[in-house]
Amino acid sequence: MQIALAGGGVDAQGSEVVVFITAPSNEEAEKLGRMVVESRLAACANIVSGIRSIFRWDNQVTVENECLMIMKTTLQRYSELEAVIRQHHSYTVPEIIALPIVAGSVSYLDWIRSETAK
């Protein structure tokens, strides 16, 4: 298996990231996921159902059922992805967090770049 370390010959504008986004339902998560994959803003959107989120909102601790989307994209496409999510998400302040991929299969990282190319 061939492994690529992030930054190893990859321009910072093309670096791959994983983006976490929560949604209130499977339906909304699928709608958002399909939207960003069809527009090539993400190569893939996984939906993990049945998560419980505990957070502070309006000065109260709240517990809610949510779905977690795990999207794979590049830093180059992140701003556009975030804008689309903000525009179509039902939450006032949606969770949109990008984390760098520090290592991964070369062929998979190539696929992410290929599927998100403009």
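No lab work stands behind these numbers, since they all come straight from the coordinates. Being a predicted model, the structure only gives us computed values, none of them experimental. All Cβ positions, glycine included, derive from the backbone under ideal geometry; neighbour counts span all protein chains shown.
Can you name the residue in the range 62-109 that is charged (D, E, K, R) and not in a strand (DSSP E or B) and is also surrounded by the fewest Cβ atoms within 10 Å (Cβ to Cβ) among such residues?
Residues of the range 62-109 that are charged (D, E, K, R), as a first pass: 64, 66, 72, 77, 80, 82, 86, 95.
After this cut, where a residue has to be not in a strand (DSSP E or B) as well, the list is 77, 80, 82, 86, 95.
Details: Arg77: 26, Glu80: 16, Glu82: 17, Arg86: 12, Glu95: 17.
Here the answer is Arg86.
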Given the structure, is Ile112 farther than 24 Å from Ser15 by Cβ, among the β-branched types (Val, Ile, Thr) and not in a loop (DSSP other than H, G, I, E, B)? no
From the list Cys44, Cys67, which one is among the hydrophobic types (A, V, I, L, M, F, W, C) and over 24 Å from Ser107 (Cα atoms)? Cys67
Of all residues being in a strand (DSSP E or B) and out of contact with any strand residue (DSSP E or B) (no Cβ under 8 Å at 6 or more places or on another chain) in the range 48-61, which is farthest from Ile21 (Cα to Cα)? Just the residue, please. Gln60
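Taking Val37, is it part of a helix (DSSP H, G or I), surrounded by fewer than 19 Cβ atoms within 10 Å (Cβ to Cβ) and in contact with a strand residue (DSSP E or B) (Cβ under 6 Å, 6 or more places away or on another chain)?
Here the answer is yes, as Val37 does meet what is asked.
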